[in-house]
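In what follows, a structure is listed as structure tokens, so that the remarks can point back to it.
The values are calculated or read from the model by the stated rules, or taken from the named source; none is laboratory data. The structure presented is a predicted model; accordingly, all values stated were derived computationally and were not measured. For neighbour counting, all protein chains shown are included, and Cβ atoms are generated from backbone atoms with ideal geometry for every residue, glycine included. Only protein heavy atoms, including side chains, enter the accessible area calculation; ligands, DNA and RNA are left aside. Shrake-Rupley method; radii C 1.70, N 1.55, O 1.52, S 1.80 Å.
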Amino acid sequence: MTGPFTTIPATGTGYAQRVPRSASLDGGRPAGPALDVTDCLLERLDIGLLATTASDGVISDVNDTASRILGRDRAALIGSRLADHLLPGDAARLRDYHHHQLAHLPPGPAHAAVRGRATGTAPEPPLAVRLVRPGGSLVPVLIVATAVPGDDGPRVVSRVQDVTEQEQANRYLRLVLDHSPVSMLLIDQSGRSVFGVGAHTAEEAAGLAAAESASVFDVFADHPQPTAMLRRGLAGEPGARIVGAFGRYLDLHVMPIRDPRGQVSLVAAITIDITERENARAAQAHLADLARQALVTLEPAVLWRRATAVLAEHLGATATLHEVDGDTGALGVVAADGPSVSRTVAAAVAQEALRGPAGSQSATAGGEVDPRQDGWCTLAEPIGLRGEPAAVVTVLRPPGATGPPYTSPGTVLPAGVGAFNDSERSFMAAVASVLGAAAARFAAEREIRYRSQHDMLTDLPNRASLLERLRSSLAADHREGDGEGRAGVGRTGIVFVDLDSFKAVNDTYGHLAGDALLRAVAGRLRAAVRPCDVVARLAGDEFAVLCTRIESVDTVERVAARVLACLAEPVAIDGSTITITITASAGVAISGPGLTDPDRLLNASYIAMYAAKRAGAGRCVVHQDWMRLSAGPTPAPPE
């Protein structure tokens with residue numbers, strides 16, 4: 001440089017100092033005691049300095065540290081353009097940066113310009129660029145430049161700092177944060193992001209990039225909870241809470257950062273993605289509630305509807321439950337929840353789950369089934385005993401990107417789209433287990449109710465069941481008539497049947513043969529009555545036939561006649577050569593005045609049956625008002 005002094009910036013201050021012209025930037029040539037301190041500082045602080053001409057950016061001087069950073073010796077660097085050692089984009093940015101520095105250089109004596117620069121304006125922020133070494137390797141550096149006057153025109157003196165280690169540390173930090181549930185954001189008082197790393201979703205990442213040039217309050221206006229906390233942070237109020245944003249659950253911590261005067265200059269926001277934890281908590285709560293309902297719900301349909309609602313809500317899917325017909329194996333949908341989906345697709349998923357062999361993916365916890373219809377992502381679980389399912393529960397979601405939704409922040413899918421992950425499969429399996437236990441309870445309760453209403457030997461309704469049906473029939477007669485069972489409005493009849501000499505069968509052939517005969521009698525009675533009639537076994541060899549909505553006693557008598565005729569046919573006992581011929585006595589009673597009570601009507605038919613039995617085997621008698629139980633001969637009717 002020309003003139004008696006060479007001017008260089010003091011390290012880290014933006015101030016300039018004047019150095020005798022005889023001293024080069026590397027401090028390699030001694031220039032008196034004043035330079036000893038400068039040389040020592042430059043070497044110890046590892047600071048690179050270079051000077052370029054203002055007109056064309058040609059390097060006019062460079063110290064050893066800058067030469068080492070650039071990977072070239074001083075002789076090769078001096079006379080070359082600094083832009084030739086940068087990437088094209090960085091070269092353009094550095095040129096604009098230097099022009100900005102030169103624009104701040106006022107006219108006048110050199111020392112006045114330098115002094116005015118030192119005291120009148122704040123130092124410019126460093127410029128981050130990448131230098132190109134021989135061989136093409138890149139070196140990230142920070143450049144702080146200062147324009148200085150000279151006898152032959154202004155020059156730009158630049159401090160060059162190698163930040164390779166810092167950049168590597170930053171890359172490691174970003175790598176860690178990008179693969180962890182943590183993100184960080186630093187905003188200034190204008191709401192703009194000055195630092196951000198570790199976005200949880202693509203939407204958040206795009207927003208953070210936009211927030212570098214716009215306010216976060218505008219960019220994230222659709223997320224009122226987080227932005228409200230950031231506003232309070234700028235007002236000096238720290239805060240922490242769980243918020244919902246970007247389809248995730250985030251644990252947000254906001255901390256104001258104050259300057260030396262105590263004023264809030266920045267706000268730091270740290271968020272931790274706790275979606276999986278919150279989903280696990282929600283799953284536990286859903287399962288606990290469903291388990292409680294499975295213990296107390298009386299009607300299966302109520303529990304099925306609740307289960308599909310829970311699955312649809314928690315998995316963001318369509319949930320259906322099909323009951324299996326125990327006789328035909330046909331499926332019938334009894335509950336559905338969630339977005340509309342083709343019943344054909346849902347039925348195909350359920351059917352495939354039933355066809356899956358024991359131990360296959362469709363018969364075990366979290367079995368994923370692909371019906372190859374419309375590309376739906378599906379899960380299906382049989383409910384009940386293995387091999388004898390009572391129902392099938394299915395969930396279906398539309399296709400999305402391959403892989404679980406929450407593999408990493410960069411591959412998050414919207415809720416309710418794509419394949420099911422392991423936690424979702426486990427939740428489905430847990431719901432199926434709860435429903436399976438409930439189905440077993442329902443089946444046991446049905447069996448208990450059935451046995452309490454049926455005879456175990458013949459599988460016919462028992463006395464209690466008959467009385468219950470008789471009570472319902474009489475109540476219907478009462479609603480349709482005047483309460484006294486008037487003819488023509490529908491009445492109720494009973495045929496009481498008692499086998500003749502059944503004790504002799506047991507005594508002669510044994511009780512096994514007697515039981516076989518009773519089962520045969522039950523079958524013949526079912527075949528002899530009308531479809532609307534009910535056959536019941538009352539006790540021992542006593543049976544009854546309930547006839548509803550009859551208009552006259554003749555209807556009941558015809559039923560009784562068919563019953564006696566079918567029972568008179570010989571009965572071949574299964575598993576033996578025994579053939580038994582037996583007869584029965586029948587008593588008929590029909591509701592009417594004085595016979596509107598179930599017990600009284602059944603008792604009237606019983607009295608008529610005994611009247612028939614006293615008259616001779618194989619007979620039928622219709623109850624009359626004058627009949628009473630008697631141990632003697634059948635009384636004659638009054639004249």
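Among the residues of the stretch 556-568, some residue qualifies, meaning at least one is in contact with a helix residue (DSSP H, G or I) (Cβ under 6 Å, 6 or more places away or on another chain), part of a helix (DSSP H, G or I), open to solvent by 40 Å² or more (accessible area, probe 1.4 Å) and of a type outside the set (S, T, N, Q). One residue is enough: does the stretch 165-184 have a residue meeting the conditions open to solvent by less than 70 Å² (accessible area, probe 1.4 Å), in contact (Cβ under 8 Å) with a residue 40 or more places away in the chain, aliphatic (A, V, I, L, M) and farther than 30 Å from Ile69 by Cα? Yes, that holds for at least one residue. For the stretch 314-332, what are the residues that are open to solvent by 60 Å² or more (accessible area, probe 1.4 Å) and either at pLDDT 90 or above or in contact with a Phe, Trp or Tyr (Cβ under 9 Å, 6 or more places away or on another chain) (or both)? Of everything in the stretch 314-332, just one residue is open to solvent by 60 Å² or more (accessible area, probe 1.4 Å) and either at pLDDT 90 or above or in contact with a Phe, Trp or Tyr (Cβ under 9 Å, 6 or more places away or on another chain) (or both), namely Glu323. For the stretch 427-459, name all the residues that are open to solvent by 50 Å² or more (accessible area, probe 1.4 Å) and of a type in the set (Val, Ile, Thr). Across the stretch 427-459, the qualifying residue is only Ile448.
Rundown of residues vs (1) in a loop (DSSP other than H, G, I, E, B); (2) polar (S, T, N, Q); (3) more than 16 Å from the chain's Cα centre (by Cα), yes/no style:
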{"residue": "Val302", "(1), (2), (3)": "no, no, yes"}
{"residue": "Ala307", "(1), (2), (3)": "no, no, no"}
{"residue": "Leu311", "(1), (2), (3)": "no, no, no"}
{"residue": "Gly329", "(1), (2), (3)": "yes, no, yes"}
{"residue": "Gly332", "(1), (2), (3)": "no, no, yes"}
{"residue": "Pro339", "(1), (2), (3)": "yes, no, no"}
{"residue": "Thr344", "(1), (2), (3)": "no, yes, yes"}
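The residues listed here are Asp597, Asp574; of these, the one that is of a type outside the set (Lys, Arg), at pLDDT below 95 and closer than 16 Å to Leu466 by Cα is Asp597. In the stretch 333-346, the qualifying residues are those that are aliphatic (A, V, I, L, M) and either open to solvent by 60 Å² or more (accessible area, probe 1.4 Å) or in contact with a strand residue (DSSP E or B) (Cβ under 6 Å, 6 or more places away or on another chain) (or both), and the one that is nearest to Ala380 (Cα to Cα) is Ala346.
Residue pairs whose Cβ atoms lie under 7 Å apart, separated by 6 or more positions or on different chains, with the first residue in the stretch 456-484 and of a type in the set (Ser, Thr, Tyr) and the second in a helix (DSSP H, G or I) and modelled with pLDDT under 90, do not occur. Among the numbered conditions (1) open to solvent by 30 Å² or more (accessible area, probe 1.4 Å); (2) at positive phi; (3) modelled with pLDDT under 85, tell me where Gly153 comes up short. Here Gly153 meets the rest and fails (1). List, please: which pairs have Cβ atoms under 7 Å, are six or more places apart or on different chains, and start with a residue in the stretch 341-356 that is closer than 16 Å to Pro398 by Cα and end with one that is polar (S, T, N, Q)? Note: pairs meeting the criteria are Val341/Thr318; Val345/Gln373; Ala346/Thr320; Ala346/Thr394; Ala348/Gln373; Val349/Thr378; Val349/Thr394.
Does Pro226 satisfy being surrounded by 13 or more Cβ atoms within 10 Å (Cβ to Cβ), assigned to a strand (DSSP E or B) and modelled with pLDDT of 90 or more? It is false that Pro226 is surrounded by 13 or more Cβ atoms within 10 Å (Cβ to Cβ), assigned to a strand (DSSP E or B) and modelled with pLDDT of 90 or more.
Identify, please: which residue in the stretch 569-592 is outside any loop (DSSP other than H, G, I, E, B) and either without any contact (Cβ under 8 Å) to a residue 60 or more places away in the chain or open to solvent by 10 Å² or more (accessible area, probe 1.4 Å) (or both) and is, among those, nearest to Val534 (Cα to Cα)? By that ranking, first place goes to Ile590.
Does Val497 count as among the β-branched types (Val, Ile, Thr), in a helix (DSSP H, G or I), modelled with pLDDT of 90 or more and open to solvent by less than 60 Å² (accessible area, probe 1.4 Å)?
On the way: among the β-branched types (Val, Ile, Thr): yes; in a helix (DSSP H, G or I): no; modelled with pLDDT of 90 or more: yes; open to solvent by less than 60 Å² (accessible area, probe 1.4 Å): yes.
So Val497 does not fit the description; no.
Among the residues of the stretch 185-213, the one identified as surrounded by fewer than 16 Cβ atoms within 10 Å (Cβ to Cβ), in a strand (DSSP E or B) and free of Cβ contacts under 8 Å to residues at least 60 places away in the same chain is Phe195.
Over 26 Å from Asp151 (Cα atoms), more than 60 Å from the chain's Cα centre (by Cα) and open to solvent by 70 Å² or more (accessible area, probe 1.4 Å), is that true of Asp56? Even if it seems obvious, please write down each step before you answer.
On the way: over 26 Å from Asp151 (Cα atoms): no; more than 60 Å from the chain's Cα centre (by Cα): yes; open to solvent by 70 Å² or more (accessible area, probe 1.4 Å): yes.
No: the conditions fail for Asp56.
Among the residues making up the stretch 279-324, a single one is farther than 17 Å from Ala380 by Cα and in contact with a strand residue (DSSP E or B) (Cβ under 7 Å, 6 or more places away or on another chain): Ala301.
Screening Ala439, Ala443 for residues that are at pLDDT 90 or above and out of contact with any helix residue (DSSP H, G or I) (no Cβ under 7 Å at 6 or more places or on another chain) leaves exactly one candidate, Ala439.
Would you mind stating whether Ser605 is in contact with a strand residue (DSSP E or B) (Cβ under 7 Å, 6 or more places away or on another chain), of a type in the set (Ser, Thr, Tyr) and either assigned to a loop (DSSP other than H, G, I, E, B) or in contact (Cβ under 8 Å) with a residue 60 or more places away in the chain (or both)? So Ser605 fits the description; yes. Looking at (1) more than 60 Å from the chain's Cα centre (by Cα); (2) among the aliphatic types (A, V, I, L, M); (3) within 27 Å of Ala516 (Cα to Cα), which is the only condition Val545 fails? Unmet for Val545, out of (1) more than 60 Å from the chain's Cα centre (by Cα); (2) among the aliphatic types (A, V, I, L, M); (3) within 27 Å of Ala516 (Cα to Cα): (1).
Residues of the stretch 517-532 being closer than 13 Å to Ile582 by Cα and open to solvent by 10 Å² or more (accessible area, probe 1.4 Å), which ones? Steps first, please.
In the first step, residues of the stretch 517-532 are kept if they are closer than 13 Å to Ile582 by Cα; the result is 517-518, 520-521, 524.
Correct list: Ala520, Arg524.
Cβ-Cβ contacts under 8 Å between residues 6 or more apart (or on different chains), taken from a first residue in the stretch 214-242 that is within 22 Å of Glu278 (Cα to Cα) to a second residue that is in a loop (DSSP other than H, G, I, E, B) and open to solvent by 30 Å² or more (accessible area, probe 1.4 Å), are listed as His223/Phe246; Thr227/Ala221.
Determine, yes or no, whether Arg562 is touching a residue at least 12 places away in the same chain (Cβ under 8 Å) and under 60 Å from the mean Cα position of the chain (by Cα). When the stated conditions are applied, Arg562 does not pass them. When Gly540 is tested against the conditions (1) open to solvent by 10 Å² or more (accessible area, probe 1.4 Å); (2) closer than 24 Å to Thr508 by Cβ; (3) touching a residue at least 60 places away in the same chain (Cβ under 8 Å), the lone failure is (3). For the stretch 460-478, the condition of being open to solvent by 50 Å² or more (accessible area, probe 1.4 Å) and in a loop (DSSP other than H, G, I, E, B) holds for none of the residues.
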